[in-house]
Structure formats: C-alpha cells, structure tokens
Amino acid sequence: MRHSCWRYQCQPDAAHGFHAARPRAGVGLLLFPELSLTGYEPTLAKALAQDIDSPLLSSLRHLAREASMTTVVGLSLRRPSHDKPLISAFILHPDGSIGIHTKQHLHLGEEQYFSAGNGGDLILVADLPVALSVCADFSHPEHSSHAAKQAAQLYATSVLIGETGYSRDSLLLQNCSKAAWNGRAHGQSRRSHRWVSCCWAERVRG
C-alpha cells in the first residue's frame with residue numbers, strides 16, 4: 001500500500017491533493033495535516049466547526065470515492081455532548097462513508113478553544129491496519145504504544161509543525177514509533193516550506 005502526505009501552505013484547496021496523488025499507482029491513503037481544511041485558527045474554531053455529515057465535505061467525499069482512496073482531512077467537529085469543538089481527522093472512505101478520529105492530547109492553551117477527544121479505532125487500508133493520531137498525540141509515548149498493542153502496522157499522524165520545530169518533532173516521532181514497534185519502525189516524511197505531515201511505519205514504500 002502506498003501513502004501520500006499532502007504538503008500545504010495554510011488553508012489549501014484540498015482537492016489539489018487528490019489530483020496530485022491519483023497518478024501515483026496504488027496510493028491507498030491520502031493524509032492531510034491537522035485542521036487542513038480551515039487552517040489553524042483556534043479563536044474561530046467554534047464558528048468553523050462542522051457536523052460529521054456536513055455538506056461541505058460532499059465534494060471531497062465524491063473525490064475519495066472516485067479515486068478509491070481513503071482520505072483523511074483535518075477539521076473541527078461539533079458535538080452536542082461537548083461545549084467546545086474537537087480537533088478531528090475526518091476519514092473519507094472509498095465507499096462514501098465517514099469516520100472520525102479526535103485529538104486526545106491538546107497543546108497548552110488549546111483547551112481554551114477545544115475539547116479533548118478520545119481518539120478512534122484503527123482503519124484498514126488495503127488490508128493494512130492503520131492507527132491515526134493528530135499532532136500532539138504522538139508526543140505522548142502511550143499513544144503510539146497503544147497503537148502497537150492494537151497491532152497497527154502504520155502509525156499515521158496529521159501534524160502541524162512550524163519550520164523551527166520540524167527536526168525536533170520529527171525525531172521525537174521517529175523515536176516514539178521505533179520504541180513502540182521494538183526498533184522495527186522505519187520512517188518517511190514530507191516537508192513543505194512551512195508545514196509538514198509525517199508517517200512512520202514498520203514498512204513504508206513510496
């Protein structure tokens with residue numbers, strides 16, 4: 001299974017990621033960074049939050065079906081059970097269904113605008129068990145350790161990292177993943193001028 005970590009510079013046209021990844025034969029997972037559909041705007045989070053069945057996702061769901069590609073996009077989730085929105089990864093499956101993975105570990109200060117989530121289940125992409133995480137989740141070793149115990153073979157994290165923090169956080173992610181998978185994890189990252197996404201796995205191709 002091939003994956004693609006889409007690089008962007010703040011508030012992208014997410015559809016471009018589909019067009020970039022589709023020509024690469026066998027891409028089964030397209031991963032966008034944290035809050036990729038709105039940009040990182042905590043003070044606007046409540047106004048920008050969407051329901052799980054938001055019509056704003058209709059065109060992206062169509063593209064995911066058309067490309068037969070599991071696609072993960074970042075957006076704030078509105079839930080009646082929470083006063084504040086949850087930073088979420090919306091999982092657009094090739095069959096048209098939607099899954100949700102919510103950020104469990106908030107950065108200092110994010111609690112003013114967001115509620116902490118409870119993660120989510122593994123997803124299967126081309127029969128490969130994939131564990132998702134959102135940004136600060138990977139900085140907590142217990143998160144990747146739990147993924148390994150669930151038998152995940154790919155630890156895919158949607159990360160919003162500034163240029164100055166890339167080297168430190170990338171190394172942290174690599175070490176965390178290697179520890180969780182007993183030193184057998186290998187990594188691949190994609191870097192843009194300003195922001196990055198990263199994937200670390202036992203076996204990464206492409």
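Laid out as a table, the results:
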| quantity | calculated |
| --- | --- |
| Estimated inter-spin distance, Leu171 and Asp95, nm [label 7 Å along Cα→Cβ] | 4.4 nm |
| Förster-model FRET efficiency, 25 Å R0, Ser59 and Leu124, C-beta, rounded to 0.05 | 0.55 |
| Gain upon complete extension [Gln112, Thr164; 0.36 nm per residue less C-alpha separation] | 16.3 nm |
| Theoretical gain in end-to-end length, Gln150 to Ile52 [0.36 nm per residue, Cα-Cα removed] | 32.8 nm |
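Read-outs throughout are calculated quantities, based only on the coordinates presented, and are distinct from any laboratory measurement. Just so it is clear, the structure is predicted and the values come from calculations on it, not from any experiment. All Cβ positions, even for glycine, are placed from backbone atoms using ideal geometry, and neighbour counts span all protein chains on display.
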